[in-house]
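Student: One structure follows; several queries about it will come next.
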Amino acid sequence: MDKRPIGMFDSGCGGLTVLKEYTKLMPNEDFIYYGDTAHLPYGDKSPQEIIGYSKKIVEFLLKKDVKLIVIACGTASATAYEYLKSNYNIEIRNIIEPVATSNLHGNIGVIATTSTIKSNAWEISIKKLHNDVNVISLACPIFVPLIENGLTDTPVMKEAIKEYMKSFNDNNINSLILGCTHYPLIQEKIQQELGPNINLINVGKYSAKNTLEFLKSSSLQNDFEHSGSCLFFSSGDFNAFKSRATFLGF
Ligand code: DGL
């Protein structure tokens with residue numbers, strides 16, 4: 001048993017979609033979530049910049065004595081994970097591997113931030129195990145600013161989704177990976193645009209399942225009698241972050 005909290009971070013509120021999946025599956029765990037809102041968005045930054053921000057957050061979480069760290073951000077998973085894994089002596093988990101190592105076949109779409117798509121991390125991870133899978137990647141840079149500004153239910157979001165999803169019209173994809181953790185917040189709208197036959201993959205669900213298996217196999221789960229909690233920190237305006245978190249049900 002390990003009663004220490006799980007650390008988690010994202011550039012903003014997107015990682016809360018990951019946290020949500022974790023709290024559903026692991027109600028006995030405590031979580032410390034860090035939203036790096038002062039540096040949001042990560043999606044248009046260089047790998048060096050994202051590594052720099054991520055290092056500071058990892059060091060902050062280490063001081064909080066977390067038992068492991070989940071990078072609840074697609075962009076930091078794609079650009080900073082390898083660096084963090086090699087430079088810190090703590091279990092660090094990204095949100096790409098649990099999906100890339102799952103059962104995938106045929107043509108798979110990936111939507112994510114510009115930095116994630118540029119890194120090619122999804123294609124590289126998927127191809128390691130699934131040589132025959134065809135990965136079609138698309139950067140959707142407008143989504144995160146709209147979501148962070150609470151503009152999910154607006155005509156401009158509808159138009160943006162319509163425009164981006166056109167790219168998949170001719171690809172015959174069976175699944176679309178939501179490779180940015182902000183995207184589950186517009187999942188229903190994307191599904192409506194693509195129709196019910198395309199399976200949308202929420203990376204948070206895969207990550208939570210995978211981490212739970214890890215906790216079990218390493219005997220790191222918290223006391224089953226314990227009722228878990230979430231503690232939030234942000235580098236930017238905490239009240240603005242808190243109201244986004246409250247809106248998302250935290
Ligand atoms: N939620 C993030 C991701 O998964 C970050 C998006 C951003 O800051 O641009 O990529």
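What follows draws every value from the coordinates through simple rules; no lab data is involved. The model shown is predicted, which means the values in this text are computed figures rather than measured ones. Neighbour counts run over all protein chains shown; Cβ positions are idealised from the backbone, glycine included.
Student: Less than 12 Å Cβ to Cβ from Arg244, Lys/Arg counted +1 and Asp/Glu -1: what total charge do the surrounding residues give?
Tutor: Combined, the nearby Lys, Arg, Asp and Glu give -2.
Student: For the chain, what's the relative contact order in percent, using C-alpha pairs closer than 8 Å and at least 6 residues apart?
Tutor: After rounding, I find 31 percent.
Student: Roughly how big is the chain's charge dipole about its Cα centre, with Cβ charges of +1 (Lys, Arg) and -1 (Asp, Glu), in debye to the nearest 20?
Tutor: Value, rounded to 20: 200 debye.
Student: Something else about it: Looking at the chain as a GNM with Cα springs under 10 Å, which of Tyr206, Tyr33, Tyr164 has the largest mean-square fluctuation?
Tutor: Between Tyr206, Tyr33, Tyr164, it is Tyr164 that shows the largest mean-square fluctuation.
Student: On to the next question. Structure shown: which of Lys24/Lys216; Lys56/Lys216; Lys85/Lys128; Lys20/Lys67 lie over 26 Å apart, alpha-carbon to alpha-carbon?
Tutor: Beyond 26 Å: Lys56/Lys216.
Student: Which one of Glu21, Glu213, Glu123 has the biggest mean-square fluctuation once the chain is modelled by GNM with Cα springs under 10 Å?
Tutor: Glu213
Student: Here's another thing I want to ask about it. Counting only other residues whose beta carbon sits under 11 Å from that of Gly204, what net charge do I get with K and R as +1, D and E as -1?
Tutor: Residues near Gly204 contribute +2 overall.
Student: Whole-Hz Karplus ³J(HN,Hα) for segment 132-149, in order, using 6.51 cos²θ - 1.76 cosθ + 1.60 and θ = phi - 60°, x for Gly and Pro?
Tutor: 8, 7, 9, 9, 10, 9, 9, 7, 10, x, 7, 4, 4, x, 5, 5, 5, 8
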